[in-house]
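Scroll down for the structure; my scribbles are underneath it.
Just so it is clear, none of the values below were taken in a lab; they were calculated from the coordinates. The structure displayed is predicted, hence computed values, not measured ones. Here the Cβ is made from the backbone with ideal geometry for all residues, glycine too, and neighbour counts use every protein chain on show.
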């Protein structure tokens, strides 16, 4: 077991380094650096001035060395211009280079300076991650119980009408990406002109020209309410519900055909307690893995939903970083994303071994 | 020229009917859920005296009610469409009826496909068996509806998808467009006063042009790499699997933002990727024919020569845009989108193929082939691959749906496609800015995309059921 975890951690580290290097390479391509130079310096810079800016700001030289600097295993760059003024990665202009630390990268806790937020990356990204954390938590609270319930109900009696209905529902939700369900949910519940809000208003159940839910989640940044948070959460959850429910159903139908279930039924145990006591525990092992592996998917959903509902969290930050060519911020976002993906893979593997005693790792 | 109503003349009778049916359906569904949760849905067992109880359990009654009210609602909708189709003008037909009429080439082609397929289904293998499963048939019908819509888009569309009519900006569905040949904007106008219905129809063409082709390329790459990885195992497998997991661990949207930008086109990375990915179909086909016919050189030379000729011709045009005859070409931004989608999809296919090969290579017929002295590529391509076709076809259907979703995501973030492209993703993106006030420009493509993917998923489900029955 220990060796297995160690080996997995090794592969994970290798994957993380390879992925961050790819992101680093793609964000530091010459056209991106030229764009950065023009936005940071001036739009009317000549091509020579752009090249000069790139050299002066430490964006020239080998890509591997620059990656090493960003990671913090290669000493940060310094540049002294003809006037004798020094600038460098690890100190501000005007500071004494001799006093600055030699290494300042990710490993030293320096995530760089975001040109979009005009603030250090670490602090601003932290706040955004907290906002996304609340969203994820709410999604999990809705998604996991609903999908397990649906899956167990339809897998309990394979081929029954309940099974068919719920399976169709699951297929329908997996066919609806977030940007489609989000639009449909907003049109149904959050516009004053169509959907059910005008209907409810005419019955006097809600105030006129108000909507049942809010189509923007910006106010949820300060205070989460049922009114402003339901639609974003439901939009992300719906896509996952179908998938997890289908997996749970497959696992449940398999368990229900096992010998020990038949034995229990023939002993005269009521159907309900067969399901609750004998079947459920074994049927829920497989969905655990699926739920853990849903996290990377949620990341995708979060990006779409946060831009759709204007909720300023991690996904929104990623979009802003990418469209504003904010290289340090984009790199930080990718580090977070890669860590989330790899950690969930590891947890799902280890958790599966713990839950399923039949699997043994030497 | 008046504003059209949704259901036209027939709606005055059928609308109340539909409302009643839908209400009954909702009630019955709720009742059914309650009975299932309360455990009252089991069929009654015969009594101790051996007579079967005549009365149905509440759960069964509820499910009967669900079924009948569902069919009533469905019948009302079909009547509405049919009534609209026989009405002389859009005014009496209503929006739904007029749309049903506009789609007539798709309906006709669909009907012909179904009649022919059902007639000859016993001779058509797995495709024919699809018509034994209701779910599969529904899925197939939806998918083919969109395929035919894409083919006949020019006939179906009521207006030019790019033309702007003054005064029709954000107009609701059914608005009259007096200066045009057709006379109405069936599903209203968008924020640039273009016809939402025509854009949705033309968008089907955009989507169906890329998604199946990209999926096919991803399958070629995944199969060509997955077969040897699963069959030989060892270091080759370790290296390719590591690379595949690397791509899979990348959040898709981040990858799109990095790969599909105007700046990246200048660096030539899409062309390098295209050069790498597009070579796989050629390799696949050469190895396929070579392994089969290498004992018969004239035939082998013919097939391999043909593949090389056509393959390299297409390759030079598609990847490098240097086709000497100028027939094969791809616009740079289209190439960028295409390559990224293939790149994202291939590792998934690779993993599936590798798993299937590892499972199948332990079978007796593979051992028999090895004992006969067949080469490894012959066994992989002509023994293992045909026996893995069931799961691969199912995954192909699912993956086209997934690719459609990915293309929509690209459009949604405005990546890679031209700004006024009618494809569904970018139309949703255009429409969402005014979603609160005018939902129709965004909801129309959203429903279209959803129904296409749903159709593909149902089709995959039907195929899975039927191929498992073999």
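Brief remarks on what is shown
- Degrees, to the nearest 10: B:196-232 long Cα axis against longest axis of chain B: 30 degrees
- For region B:260-407, the alpha-carbon coordinates run over 54, 38, 22 Å along the three principal axes, in decreasing order.
- Cα-based shape type of region A:22-116, given that a ≥ b ≥ c are square roots of the gyration tensor eigenvalues and the cut on a/c is 1.5: oblate
- Legend: calculated FRET efficiency, residue B:418 to residue B:314, from the Cβ-Cβ distance at R0 = 35 Å, rounded to 0.05, equals 0.90.
- A crude spin-label estimate for the pair residue B:299 and residue A:356, with each label 7 Å from Cα along the Cβ direction, gives 4.5 nm.
- Rounded to 0.05, the FRET efficiency of the residue B:266 and residue B:160 pair, given R0 = 35 Å and the Cβ-Cβ distance, is 0.60.
- Rounded if a/c under 1.5, otherwise prolate or oblate - chain B, Cα gyration tensor axes: oblate
- In degrees, nearest ten, helix A:161-174 long axis to first principal axis of chain A (Cα): 10 degrees
- Rounded tilt (10° steps) of B:332-360 against the dominant C-alpha axis of chain B: 70 degrees
- Pairwise label distance in nanometres, residue A:8 with residue A:108, each label 7 Å out on the Cα-Cβ vector: 3.4 nm
- Computed from the Cβ-Cβ distance with R0 of 60 Å, the FRET efficiency linking residue A:46 to residue B:118 stands at 0.25.
- Proxy reagent accessibility, fewest Cβ within 10 Å first, across B:79, A:333: B:79, A:333
- Cα gyration tensor category, rounded, prolate or oblate, for the protein assembly as shown with a/c compared to 1.5: rounded
- Most to least packed among B:251-259, B:219-227 [average Cβ atoms within 10 Å]: B:219-227, B:251-259
- Within 10 Å of the Cβ of each residue in B:435-444, the mean number of Cβ atoms contributed by other protein chains is 6.
- Cβ crowding within 10 Å averaged over residues, with A:248-259, A:266-277 ranked highest first: A:248-259, A:266-277
- Chain B - mean residue ellipticity at 222 nm from DSSP helices (-39,500 (n - 2.57) per run, n ≥ 4, rounded to 500): -24000 deg cm²/dmol
- Averaged over the residues of peptide B:405-413, the number of Cβ atoms from other protein chains lying within 10 Å of each residue's Cβ is 4.
- Projected label points at residue B:134 and residue B:180, each 7 Å from Cα along the beta carbon direction, are separated by 3.9 nanometres.
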